[in-house]
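Asker: Here it is, the structure in full.
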Amino acid sequence: MAGWRLMAVHAHPDDESSKGAATSARYVDEGALVEVVSCTGGERGDVLNPRLQDDPEVKRDLPGLRRVEMARAQDALGVAHEWLGFVDSGLPEGEPPPPLPAGSFALVPVAEAAERLVRLIRRDRPHVVTTYDEQGGYPHPDHIRCHDVSVAAFRAAGDPRAFPGAGEPWQPLKLYYNQTISLARIKALHRALLMRGMASPFAEWIERLGDRAERPVTTRVPCADYFGQRDRALLAHATQIDPDGWWFSVPRDIEREVWPWEDFELAVSYVPFAGEEDDLFAGLGDPGHADEMARDPATFAAGPAYDDVKER
């Protein structure tokens, strides 16, 4: 994998550890450069670990602590990391939901945030970008805005007319949506636990999701050997992850047997999509050839060979 570059764009610190983390760790181990971009600092996140809800350090400086946690997760996965520099919008709760805080990420114009991401793309030259689908994976306003910004930046990065002061054009060749926490995966793990006479934490979740339509999965990256690194990265986000919660309720040997991969949905590709994949870099040839395509204005002008981006 030497020479390949992957950029994973996420809304908050901890998202990189719950979505595609084992894939990131695998690619790093095999020689690729993986860069995580956190759009916000997670400043308005709740403390989800009951052991830390009354911790004086957490109460004193949660935003600062979340940066420390991100550094620990970065170290666990071996990835590079950049902050995009926007402020967490928080998850509005209530009926009707309250307005979002002024200046928060979900209220920032898409073009303003996309220009910052374009600068990173043109500087660090990823061949592949991952982010969230148009529903955000779940309807947090920052996840939805992360989708909007990521798609806009992906489309603009190779266009010399777009953001001309943001660096030399570079067109990433593939854009994927994370589908790590899919309903199919949850159902499979739920069945496996029940078949072994074990308690499952997923029954209420499955009932709540009901007949929700499944997202298409085009790419399954085998990464079971890296579930341990994923778990260490999750636990690094101690304020956000309950070590006794559902994240760790499935024994790893069962997970390896039932679902030994992470799922992705191909959204845009500048190379033909041949069908089911097991590699985010599938179809790109070698890194040198991919570099030539990403730099060539004709790549952008010709348009993608596969484009399945849906509007909300």
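Asker: Does Phe154 fit the bill of being open to solvent by less than 60 Å² (accessible area, probe 1.4 Å), touching a residue at least 40 places away in the same chain (Cβ under 8 Å) and part of a helix (DSSP H, G or I)?
Answerer: Values: open to solvent by less than 60 Å² (accessible area, probe 1.4 Å): yes; touching a residue at least 40 places away in the same chain (Cβ under 8 Å): yes; part of a helix (DSSP H, G or I): yes.
Yes.
Asker: Another question, if that's okay. Can we say Ala113 is small (Gly, Ala, Ser), at pLDDT 95 or above, at negative phi and in a helix (DSSP H, G or I)? Reasoning before the result, please.
Answerer: Values: small (Gly, Ala, Ser): yes; at pLDDT 95 or above: yes; at negative phi: yes; in a helix (DSSP H, G or I): yes.
In short, yes.
Asker: Right, something else. Looking only at region 275-309, count every residue that is among the aromatic types (Phe, Trp, Tyr), open to solvent by 30 Å² or more (accessible area, probe 1.4 Å) and not in a strand (DSSP E or B) and tell me the total.
Answerer: Pass one, region 275-309, residues among the aromatic types (Phe, Trp, Tyr): 281, 300, 306.
Checking which are open to solvent by 30 Å² or more (accessible area, probe 1.4 Å) leaves us with 300, 306.
Okay, now just the ones that are also not in a strand (DSSP E or B), so 300.
Qualifying residue count for the region: 1.
Asker: Moving on to the next point. Between a first residue in region 2-23 that is more than 25 Å from Leu107 (Cα to Cα) and a second residue that is of a type in the set (Ser, Thr, Tyr) and surrounded by fewer than 24 Cβ atoms within 10 Å (Cβ to Cβ), which pairs have beta carbons less than 6 Å apart while being 6 or more apart in sequence or on different chains?
Answerer: Close Cβ pairs (under 6 Å, with a partner that is of a type in the set (Ser, Thr, Tyr) and surrounded by fewer than 24 Cβ atoms within 10 Å (Cβ to Cβ)) amount to Gly20/Thr180; Ala22/Tyr226.
Asker: Would you please name the residue that is most open to solvent (accessible area, probe 1.4 Å), looking only at residues in region 54-91 that are within 15 Å of Ser104 (Cα to Cα), aliphatic (A, V, I, L, M) and in contact with a strand residue (DSSP E or B) (Cβ under 7 Å, 6 or more places away or on another chain)?
Answerer: Ranking the candidates gives Val87 first.
Asker: Of everything in region 1-27, what is open to solvent by 40 Å² or more (accessible area, probe 1.4 Å) and at pLDDT 95 or above? Give them in sequence order.
Answerer: Residues of region 1-27 that are open to solvent by 40 Å² or more (accessible area, probe 1.4 Å), as a first pass: 1-2, 26.
Within region 1-27, just Arg26 meets the criteria.
Asker: Next up: Among the numbered criteria (1) open to solvent by 10 Å² or more (accessible area, probe 1.4 Å); (2) modelled with pLDDT of 95 or more; (3) more than 18 Å from the chain's Cα centre (by Cα), which single criterion is violated by Ser104?
Answerer: Answer for Ser104: the failing condition is (1).
Asker: Another question, then. Out of Ile186, Ile144, I need the residue that is farther than 17 Å from Thr299 by Cβ, of a type in the set (Val, Ile, Thr) and free of Cβ contacts under 8 Å to residues at least 24 places away in the same chain. Which one?
Answerer: Criteria check complete, one pass: Ile186.
The values are calculated or read from the model by the stated rules, or taken from the named source; none is laboratory data. As the structure is a computational prediction, the values presented were derived from the model and not from experiment. Backbone-built Cβ (ideal geometry, glycine too); neighbour counts: all protein chains shown. We work out accessible area using only protein heavy atoms, side chains counted, and drop any ligands, DNA or RNA first. Shrake-Rupley method; radii C 1.70, N 1.55, O 1.52, S 1.80 Å.
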